[in-house]
Amino acid sequence: MKTMHYNKVIAIAQVKLKAFMGKNCIIMPLFSIGFTLLMKYLYSSMSTGASSPEYLNAYALGMGLVMNLGMCGIYCPSLLLAEEKEKNTLRVLMTSSVNSLEFFAGSVLPVFFITVLINFLLIPISGFAMDGGQLGLFALVSVIASLTSCIIGMTLGIFAKNQVSAGTITTPVLLLLVMVPIFGDVVEALSGLSEYVFTGIMMDMIMAMGDGAKKVLDSGSIVVMACEVILAVLLFLFFYKRNGFERD
């Protein structure tokens, strides 16, 4: 059984963090911030009094969060893994003293922490105010959703031969996870599906907060998100064993 040495994980995480700060990845959290600011401006200028400013701010926040989970949480891990393959440094790592578990943890952690950090940063940017209880619930959902998105991104990265193919492979998944919650209120068919997607659950929770609902998240949604984390891990392990890192 493989053991994980934390000093190796930290070393890999430092390398991945440096790679994340490159122009291809760093633009993703900046895009999420800019997108949230744009949505806040558009909805505030389009307000007709039918919806409260707090509700509109919540909508801007929800859309920004969904975008961040997709662009930063999913796309960046996939892109970074594809970059390792393209530069042929993945084979060197896998034939060295670094095992696959250490590489996976070191690769996911930087993007995961940045995704969670941006999620929290989007709250003041959107102008939406949360009380202590709401903030605690937000933290829980943000962590689960961010972890799920990063594992999905790593799984997709297994199939990417280079950075160009990473974009091609992740696009359909991004469209599904981003568009379903955003258009859930418009398209009835997507509304039901949104309740079973972690991005949709997060969006629905924020909108319930903005609407002043007493119950913003039920236990069933937490169970769904927990199941999705487990499913994401199982899918990664399955595809890893079939055509994972050691084969590259």
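A Gaussian network model of the chain, with springs between Cα atoms under 10 Å, assigns the largest mean-square fluctuation among 142, 52, 126 to 52.
Taking 239, 183 and ordering them by how much accessible surface each has at a 1.4 Å probe, largest first, produces 183, 239. Contact order, relative form, for the chain: 27 percent (alpha carbon pairs under 8 Å, 6 or more residues apart, mean separation divided by residue count). With all protein chains in place and ligands, DNA and RNA left out, the 1.4 Å accessible area ranks 118, 230 as 230, 118, largest first.
The heavy atoms of residue 109 offer some 70 square angstrom of accessible surface to a 1.4 angstrom probe.
Taking a point 7 Å out from the Cα of residue 44 in the direction of its Cβ, the residues of segment 119-141 whose backbone N falls within less than 13 Å of it are 124-129. Ratio of Rg to Rh for segment 116-190: 1.06 [Cα atoms; Kirkwood radius as inverse mean 1/r over pairs].
In straight-distance terms, cross-link reach from residue 85 covers every one of the lysines whose alpha-carbon lies under 28 Å from its own, apart from those fewer than eight places away in the same chain; here that gives 2, 8, 16, 18, 23, 161, 241.
For helix 53-68, report the angle its Cα long axis makes with the longest principal axis of the Cα atoms of the chain; keep it between 0 and 90° and round to the nearest 10°. Approximately 10 degrees, to the nearest 10. Annotation: per residue accessible area for segment 154-224 equals 49 Å², rounded to a whole number [probe 1.4 Å, protein chains only]. Within the assembled protein chains, the solvent-accessible surface assigned to residue 148 is about 0 Å², based on a 1.4 Å probe. For the chain, the carbon plus sulfur part of the accessible surface works out to 69%, probe radius 1.4 Å. When nucleic acids and ligands are ignored and a 1.4 Å probe is applied, residue 131 ends up with an accessible area of around 90 Å². Counting only Cβ charges, +1 for Lys and Arg and -1 for Asp and Glu, the dipole size of the chain around its Cα centre is about 960 debye. This model, with +1 at the C-beta of Lys and Arg and -1 at the C-beta of Asp and Glu, gives segment 122-248 a dipole about its Cα centre of some 480 debye.
Computed from backbone phi, the HN-Hα couplings of segment 117-129 come to 4, 5, 4, 5, 5, 5, 5, x, 5, 6, x, 8, 9 Hz, rounded to whole numbers (Karplus: 6.51 cos²θ - 1.76 cosθ + 1.60, θ = phi - 60°; Gly and Pro given as x).
Of the listed residues 21, 67, the order by accessible area with a 1.4 Å probe, largest first, is 21, 67.
The values are calculated or read from the model by the stated rules, or taken from the named source; none is laboratory data. The shown structure was predicted, so the numbers you read here are calculated from the model rather than taken from an experiment. Here the Cβ is made from the backbone with ideal geometry for all residues, glycine too, and neighbour counts use every protein chain on show. For accessibility, only protein heavy atoms count, side chains too; no ligands or nucleic acids. Shrake-Rupley method; radii C 1.70, N 1.55, O 1.52, S 1.80 Å.
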